[in-house]
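The values are calculated or read from the model by the stated rules, or taken from the named source; none is laboratory data. Just so it is clear, the structure is predicted and the values come from calculations on it, not from any experiment. In this analysis, Cβ positions are derived from the backbone assuming ideal geometry, glycine residues included, and neighbour counts consider all displayed protein chains.
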Amino acid sequence: MAGLFHLTTAAGRRVWRLGVRLAWITGLVGLAIVSGFTLYAVTMLPPLHPWHLERLTEEFSALRHSNLDFAGYLEREDKLFAEYHDKVAGWNSRDEAYLFSRFNPASPVNLLVDGAPYNRSFRLVQTQPKGQALLIHGLTDSPYSMKALAGSLHARGFDVTVLRLPGHGTLPSMMVKMSHRDWRAAVRIAARDVASRVAPPASPSTSAATRPAARSRSSTPSTPSTMPRCTAPTAYC
């Protein structure tokens, strides 16, 4: 029995030593990979540009601005893009990377969109809209990606609101400051505003002379052909 215990203990010590060695080897290999990639990035990759490093301070924040309405959100965007244009104006305009970037107003990239401000929230309205639509772009995108869909819905008679989510449409560096709390707060603000624009359903008045007839009709089960049809005046995408 003592021999079996000694054998088991010796085997356990060997397994423990083997595990420690494997852990050391794994750690050293991981360290070598990280160090190698860091050295490659420092020596081979191009340097970061201002749009990768600089930050904008006027961006919407759920902690500071969640009490805004949609008009206030758009005013916040005005301040944000004013800050953005001031910051871009101070960059080196002779830098080749800047010349062909979307941050240069005269670059081919900007000329393709003809200066249209579709990186910002925008709204297309009708005189007598059939309903309201709120469009929300995806991660790392901007309202520009919703332009075609917004135009299609607008052509069908809808008012269309396209929301720019916080952290998008300005500098790539702002992506590191994004938070799902900011997105949710911005969507709530836009959704409340769009919902407030939905016209209440018409309720036809019933005169005293027609009320008995209305009561008699209500006692008869409705057939499928006479059932009221419901529509959804507000769409969210």
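Observations
- The lone criterion from (1) of a type in the set (F, W, Y); (2) within 24 Å of the chain's Cα centre (by Cα); (3) more than 28 Å from L153 (Cα to Cα) left unmet by Y118 is number (3).
- Test: residue in the stretch 179-202 that is modelled with pLDDT under 90, part of a helix (DSSP H, G or I) and either surrounded by fewer than 17 Cβ atoms within 10 Å (Cβ to Cβ) or touching a Lys or Arg at 6+ places or on another chain (Cβ under 8 Å) (or both): no
- When residues in the stretch 60-113 are screened for being surrounded by 14 or more Cβ atoms within 10 Å (Cβ to Cβ) and among the acidic types (D, E), 2 of them pass.
- Exactly one residue among G167, G138, G151 is part of a loop (DSSP other than H, G, I, E, B) and in contact (Cβ under 8 Å) with a residue 12 or more places away in the chain, and that residue is G167.
- Test result for R102, at pLDDT 80 or above, assigned to a loop (DSSP other than H, G, I, E, B) and in contact with a Gly (Cβ under 7 Å, 6 or more places away or on another chain): no
- Just one of (1) loosely packed, with under 11 Cβ neighbours inside 10 Å; (2) of a type in the set (A, V, I, L, M); (3) touching a residue at least 12 places away in the same chain (Cβ under 8 Å) fails for M44. It is (3).
- Residues that are in contact with a helix residue (DSSP H, G or I) (Cβ under 6 Å, 6 or more places away or on another chain) and within 28 Å of K130 (Cβ to Cβ) within the stretch 161-189 comprise T161, V162, L163, R164, L165, I189, listed in sequence order.
- Across the stretch 47-59, the qualifying residues are those that are of a type in the set (A, V, I, L, M, F, W, C) and buried (at least 17 other Cβ atoms within 10 Å of the Cβ), and the one among them that is nearest to the chain's Cα centre (by Cα) is L56.
- Boolean, G157 is surrounded by fewer than 19 Cβ atoms within 10 Å (Cβ to Cβ), modelled with pLDDT of 90 or more and either among the aliphatic types (A, V, I, L, M) or at positive phi (or both): yes
- Screening the candidates E75, E83 for the property of being assigned to a helix (DSSP H, G or I), of a type in the set (D, E), free of Cβ contacts under 8 Å to residues at least 24 places away in the same chain and closer than 30 Å to I189 by Cβ yields one hit, E75.
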